[in-house]
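The values are calculated or read from the model by the stated rules, or taken from the named source; none is laboratory data. None of the values given here were measured: they were computed from a predicted structure. Glycine gets a Cβ as well: all are built from the backbone with ideal geometry, and neighbour counts include every protein chain shown.
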Amino acid sequence: PSEVFAIRDFKEGDKLQQIHWKLSMKKSSLMVKEYSSPLAQSTTVFVDFCVKGSNRLDQIDRLIQGVYSVSTALLDKQVPQRFYWYDTRVELMKTCLVTTEEELLWAFQEMFTAHVTEDEEELVASYIKWGQGKPHMTGLYLTATDGKAAAGADLNVSKLYIVDVSSGSPGGGKIGE
């Protein structure tokens, strides 16, 4: 919890740790602290731009739609995201924090003008190299391929969800771990 949001009368099921003891003594009845929602840490989102083959443009289109859909769903829940992608032109991991839809559009401009690799093994190796010593709680790996290279990799996240946005179904892609 981030801070005390309100104080109210004790109800059955409240935790003892939430009791405001000084105020309870003054009121002669148990009072509890209500906390605001936790301040959201940013969600780690790896973007896999390794698209190749005859349907490359279709894969890129689905990836753009998938990134946008996932990001706006998280923004609706007020969850900031930190996007990561590899730019081969400068051989650097790029990152962008997104907390608003406007920032998402700026991130798109950065992400979708990057020079990318078609070698998923190279991409995952760059994520691993960059992430050493930078642990994250959970992460999303957005891909328009099967994401097999990332599935067994240690990207320094305790829980990695691979989201395959390549499915043409109305419900979107597949999610795996």
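Residues in the range 46-103 that are among the hydroxyl-bearing types (Ser, Thr, Tyr) and more than 22 Å from Ser126 (Cα to Cα): Ser54, Tyr68, Ser69, Ser71, Thr72, Thr99, Thr100. All of Asp58, Asp48 fail the test of being in contact with a helix residue (DSSP H, G or I) (Cβ under 8 Å, 6 or more places away or on another chain), of a type in the set (Asp, Glu) and within 30 Å of Ala150 (Cα to Cα), apart from Asp48. The helices (runs of 4 or more DSSP H) found entirely in the range 78-155 that carry 3 or more residues being surrounded by fewer than 16 Cβ atoms within 10 Å (Cβ to Cβ) and either within 15 Å of the chain's Cα centre (by Cα) or modelled with pLDDT of 85 or more (or both) are 101-111. Suppose the filter is in a loop (DSSP other than H, G, I, E, B) and either surrounded by 13 or more Cβ atoms within 10 Å (Cβ to Cβ) or modelled with pLDDT of 90 or more (or both); does Val47 pass it? Here the answer is no, as Val47 does not meet what is asked. In the condition set (1) over 15 Å from the mean Cα position of the chain (by Cα); (2) surrounded by 14 or more Cβ atoms within 10 Å (Cβ to Cβ), Ser54 is compliant with all but (2).
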